[in-house]
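One structure is given here, and the rest of the page talks about it.
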Amino acid sequence: SHQITVIDNVAPVVDPLFANVTVNVDAGTCTKAMTLTAPTATDKCTSPGTNITSNAPANFILGATNVRWTIIDESGNTTIHNQTVTVVDNEGPVITGCPTEAKTATASGGSCQAVVTWPPLVATDACSGVKTFTSNYSPGSLFPVGTTTVTYTAYDKDLTNAGEGNVIICSFNVIVADGPPTITC
């Protein structure tokens, strides 16, 4: 008589459709809290997945993170599968202090313009910081009679990288009314 021992030395195979993941940051943060779904694997001899582990963090940081999945079948055969989780910043900066109503003033002393002020606006960004913060007018500027739109624009990337990054715009009107005429005797 002979004893024949069949050994399972074939590692599990990961589903080829198990793909990399791209996600957006959580609101107001520069990270993404998430739990990944383990890959599906098949094995010719035993049921794979009796031991599937990964080095995935609970919070993924901005950029690409390599997650290493280890799948061990019942015979101890191991397959390593790498998955890339990419976290992107899809949130624009926040502009604090943007007026919700028009700023008004009246021209005086026979002038056709007026100085209009408002509290300074502040731009912040949770991830990369504000790279450029511009405005077509600043507090204390001289405005002509009529309606003028003031626009603040905040970018979280340098303007040299056209098409990249996020932008937020704050606009409000400044209305200057014509004042009473001045009489000189």
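Partners of Lys131 within straight-line reach, counting lysines whose Cα lies under 25 Å from its Cα and excluding those fewer than 8 residues away in the same chain: Lys32, Lys157. Summed over all non-identical Cα pairs, the Kirkwood treatment of the range 1-73 gives a radius of 14.9 Å.
Dipole of the range 46-155 computed with +1 at Lys/Arg Cβ and -1 at Asp/Glu Cβ about the Cα centre; of Thr153, Ala107, Phe60, farthest Cα towards the positive end is Ala107.
Taking the Cα centre of the range 1-100 as origin and assigning +1 to Lys and Arg Cβ atoms and -1 to Asp and Glu Cβ atoms, the resulting dipole is close to 100 debye. Shape index of the chain: Rg/Rh, with Rg the Cα radius of gyration and Rh the Kirkwood radius from the inverse mean 1/r over Cα pairs, equals 1.41. Based on alpha-carbon atoms, the Kirkwood radius and the radius of gyration of the range 44-142 give Rg/Rh equal to 1.46. Farthest towards the positive end of the charge dipole of the chain, among the residues Phe172, Gly92, Val13, is the Cα of Phe172, using unit charges on the Cβ of Lys, Arg, Asp and Glu.
All of the numbers you see were taken from the coordinates with simple rules; none came from a lab. Since this is a predicted model, take the numbers as computed values, not measurements. Cβ: placed from backbone, ideal geometry, glycine included. Neighbour counts: every protein chain shown.
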